[in-house]
Structure formats: C-alpha cells, structure tokens
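The values are calculated or read from the model by the stated rules, or taken from the named source; none is laboratory data. Keep in mind that this is a model prediction, so the values were computed, not measured. Here Cβ is always computed from backbone atoms with ideal geometry, including for glycine, and neighbour counts include all displayed protein chains.
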Amino acid sequence: MSAQDVAGAVTSRSLPGAPHLAWRDEELVLEGHALAELARRFGTPLYVYSRAAMRTALAAYARALAGRRHLVCYAMKANSNLAVLQTFAAAGCGFDIVSAGELARVLAAGGRASRTVFSGVGKRRGEMATALEAGVRCFNVESVGELQVLDEVARAHGVRAPVSLRVNPDVDAGTHPYISTGLKSNKFGVAHAEALATYRRAAELPGLRVEGIDSHIGSQITQVEPYLDALDRLLDLVEAVEAEGIPLHHVDVGGGLGITYTDEAPPAADVLVSRLLARMDARGHGHREVLLEPGRSLVGNAGVLVTEVLYLKPGEVTNFCIVDAAMNDLTRPALYDAYMAIEPCVVRRHLPPRRWDVVGPVCESGDWLGRQRDLAVHVGDHLAVLSAGAYGMAMASNYNTRPRAAEVMVDGDAVHLVRERERVAELFAGERLIET
C-alpha cells in the first residue's frame, strides 16, 4: 500500500515486513524517528537501522531454540557495521565469517572468536593462521584441498584445527541463481557423494579435529521444505560418518531465511527452526548441538536507505526520478534485478503521483533503484528504499569515486552515527603518483 493510500487515513501504521517502520501522520518514521529529519541532520545517501528491529528478529530464533543446546552465528556478510555486530554480540550471538577481515571486525565489536565459525571456499593460509591464533570455534571446510592446507597450517602452529565439513546436499532452494549455494553446479561445499570419504580423510590428518557437519543451501529462501530436504541428507551423512567411528558433535543447518521485500511470505524464524528441530528429534538426533547462520532475516528489514531527489526528468517513454543514491550505494537492484519498495519520507497529499524510474547519478544504464514506481515527489524531497539492512552498505563501493554513505542506528530515543560519511580525499589516500 502506497503512502498516498495510507496518509491521513490513520495516525500511525506499520509497513508489511517492517514492524518498526511506520507512517506517523504524513511522515515515515523508524522507531519513531522521522527519516526526513535524519536525512537533513546527517545528509544523504544515508543508511538508517533500527536496533529494536534486529533484537525482535533475533528473539524469534531464541524462542524456538529455548532449552536446546545451540549457537546462533550471525552471518555478518549481510551487514558488518561494528554497531550491528555489537548488538548481536551483546545478545549472546556468535558469528559466521568468511575472511580474516571479518574476524577482526568481530573482535573489535566485542565478539568472541570462540563463538565464531569460519566459512568460505577460498581461505588463505595467512587467514587460517590468524583464525587459529584467535581461537575460532570451527572452520567450515569446503574442499579436500582446503582440508589438507588447513592441516599443514595447524601443524606448523602446533595445534589441531577444529573442522566441520560444509556439505553440498544438491538441494534446490528455489532462489535467485546468484545466491543459490546448495546445488551440484554451485562452487560451495563438498559434494554429498564425496562427503563420507572426505570425513575419513579429515579424521586421518593429525592437524585436524572433526567437530561437526554444516550445510548452507542459499539465501532469500521462502519455503521450509528445502531446509527439511537438506537436513535429511545431512542426518543421513551423520549416521554414516558415526558408523565409521567418527563422532560429530554439532549440526550446522546454515542460514538463508528470506524476508518480505514485496509479496514474499517466508516462514517466521521460530516456525522454521521448530520444524527443523522436530525433524531432528524424530530421527533421534535431538541431543546434538544445533548451529544456525542467519543474516538477512536478522537485519534486512531493520534498515532503510534514504536518498534525496535531485532532478525530475520526464521523457517520451520513461520518466526519470534522479536521486543521490546509486548502484554503488545499493547494488542489489542492478546485480539481482531485485525489487525493493520505495516510499517518500513525507507524503505530498495534494500532488498527484506519477510513474517514475528511480535512478542514480552513476554512469551506467544499470544504475537504478526501482522501475515504474508511482510516486508524488518534488525536487529536494527524500525517498526511503526499504528492506535495505542486508547486502546494502556491506556491498557498497566507491565506483565513480563516490564516497560511501553514512550509517545511523536508532535505539529508542537515541540516534547514533555509527559510520561517518567517507571523504573524497580518503578514497585515494593510499594511491601514489609516479615520480618523474
């Protein structure tokens, strides 16, 4: 429902999928803070996050996991701002990382290496050494080659590396091919058919200590059934591996639960987790520790990207609403053809809406945030791109030598600037002219 439909009808109304984002009279507010006012205060483009929304999303996982041995490892690739990590660390979360840089962020935010799992298909020797020295909980190993290199690095450091094999169960998660990770054609994980032999090899290597099994089948998943299919294949392997005398202490079911961007209806986190736990119980695996790696479902609908309208450019075929946010600030629409809702931050009640393509200043025809959107806007107005808390700022770049956006966290009555806007001079401070 558009802003024009709801303005004036009710004093306050939440938007679908974003309970902490609402219309208050004619202003769009996040945790009660007017987005237009935040834009004037901090400038645009501006990412704004709700701490309460993150905590609410995490609480759904906690409800389903109550009484079970578990660890929720926030997949920080979704949003790695230190204040976001601090929020989840304070709530008792562990972390899912894919680089030594992400491990450094975890530690800087007050997280613990002992509650961190290290995923990723291309870990370098130096990264392995850094993670071993820090004492990460587990390496999610994705190939035989990685297994052998990790063994060498661990023995050189006089330790045994804790490992879990990430198994590719060849399950179709029904998501965009760029974010599908559980099929034979994907680069991730050890093939299901090769997993038993790989576990045998891991158990033989003196620098490794086998701890568990892991699977992650994709992102923005909106159905329970792919998870259950993948879990069944994992449990089949658990039984086969333990029959060989190799104990597995935890089952990591990954993450990937989707959110509502438009009309998607993913299961609630507590519903999904309850179904997974019930399946484990039914198959006699209820005693095992469960690890999960949620990312998008914790932060996606906790954030918005606020941008200013620079120019309105009507055309014969397409009308362009040119804003100051671009594909370098939010790449999901250009990269995935992703739909993200766009709303004005202040409703213009008496201005008739017009159909616009919302585009940015970057020199690419693919630089768009939304196509064919009905908006009533003037130059100087502010728009909010919704559901931008995940894979927004985390994937931002400096293309066209554009400084990355500032980030703000609202927390009840408080507003915190949690990342300053970059300055142009900072973007080439590490570059050097050639002496002539």
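Scanning region 330-346 for residues that are out of contact with any strand residue (DSSP E or B) (no Cβ under 8 Å at 6 or more places or on another chain) and not charged (D, E, K, R) gives THR331, LEU335, TYR336, ALA338. Testing GLU308 on (1) part of a loop (DSSP other than H, G, I, E, B); (2) modelled with pLDDT of 95 or more; (3) charged (D, E, K, R), one condition comes back false. Which one is that? Checking GLU308 against (1) part of a loop (DSSP other than H, G, I, E, B); (2) modelled with pLDDT of 95 or more; (3) charged (D, E, K, R), the one that fails is (1). All of ARG432, ARG371, ARG402, ARG423 fail the test of being assigned by TED's automatic domain parsing to the domain that holds HIS33 and surrounded by fewer than 12 Cβ atoms within 10 Å (Cβ to Cβ), apart from ARG423.
So, SER80, is that one within 29 Å of LEU383 (Cβ to Cβ), in contact (Cβ under 8 Å) with a residue 60 or more places away in the chain and out of contact with any Leu (no Cβ under 7 Å at 6 or more places or on another chain) or not? Yes, satisfied. Taking the numbered list (1) part of a loop (DSSP other than H, G, I, E, B); (2) at pLDDT 95 or above in turn, ARG373 passes all entries but (1). Filtering VAL159, VAL136, VAL163, VAL167 for residues that are modelled with pLDDT under 95 and closer than 19 Å to HIS249 by Cβ leaves a single hit, VAL167.
Evaluation of HIS192 against the conditions (1) surrounded by 16 or more Cβ atoms within 10 Å (Cβ to Cβ); (2) modelled with pLDDT under 75; (3) not hydroxyl-bearing (Ser, Thr, Tyr) shows that the sole unmet condition is (2). Taken together, the residues in region 104-125 that are small (Gly, Ala, Ser) and either outside the structural domain of GLY94 (by TED's automatic domain parsing) or in contact (Cβ under 8 Å) with a residue 60 or more places away in the chain (or both) amount to 1. Summed over region 389-417, the residues that are without any contact (Cβ under 8 Å) to a residue 40 or more places away in the chain and not in a loop (DSSP other than H, G, I, E, B) give a count of 2. One residue stands out among those in region 330-339 that are over 15 Å from the mean Cα position of the chain (by Cα) and either assigned by TED's automatic domain parsing to the domain that holds PHE88 or outside any helix (DSSP H, G or I) (or both): the one that is farthest from HIS382 (Cα to Cα), which is ASP337.
Residues that are under 20 Å from THR222 (Cα atoms), among the hydrophobic types (A, V, I, L, M, F, W, C) and touching a residue at least 60 places away in the same chain (Cβ under 8 Å) do not occur anywhere in region 304-317. Among the residues of region 262-285, those identified as in contact (Cβ under 8 Å) with a residue 12 or more places away in the chain, more than 24 Å from GLU142 (Cβ to Cβ) and in a loop (DSSP other than H, G, I, E, B) are THR262, GLU264, ALA265, PRO266, PRO267, ALA268, ARG283.
Yes/no per residue for (1) among the acidic types (Asp, Glu); (2) closer than 22 Å to SER387 by Cα; (3) crowded, with 19+ Cβ neighbours inside 10 Å:
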position: ARG24; (1), (2), (3): no, yes, no
position: GLY32; (1), (2), (3): no, yes, no
position: LEU38; (1), (2), (3): no, yes, yes
position: TYR47; (1), (2), (3): no, yes, yes
position: ALA59; (1), (2), (3): no, yes, no
position: ALA75; (1), (2), (3): no, yes, yes
position: ALA90; (1), (2), (3): no, no, no
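Restricting attention to region 250-265, the residues being more than 14 Å from the chain's Cα centre (by Cα) and closer than 30 Å to LEU237 by Cα number 4. Would a scan of region 319-329 turn up a residue that is assigned to a strand (DSSP E or B), buried (at least 23 other Cβ atoms within 10 Å of the Cβ), of a type outside the set (Gly, Ala, Ser) and in contact with a strand residue (DSSP E or B) (Cβ under 8 Å, 6 or more places away or on another chain)? Among the residues of region 319-329, at least one is assigned to a strand (DSSP E or B), buried (at least 23 other Cβ atoms within 10 Å of the Cβ), of a type outside the set (Gly, Ala, Ser) and in contact with a strand residue (DSSP E or B) (Cβ under 8 Å, 6 or more places away or on another chain), which makes the answer yes.
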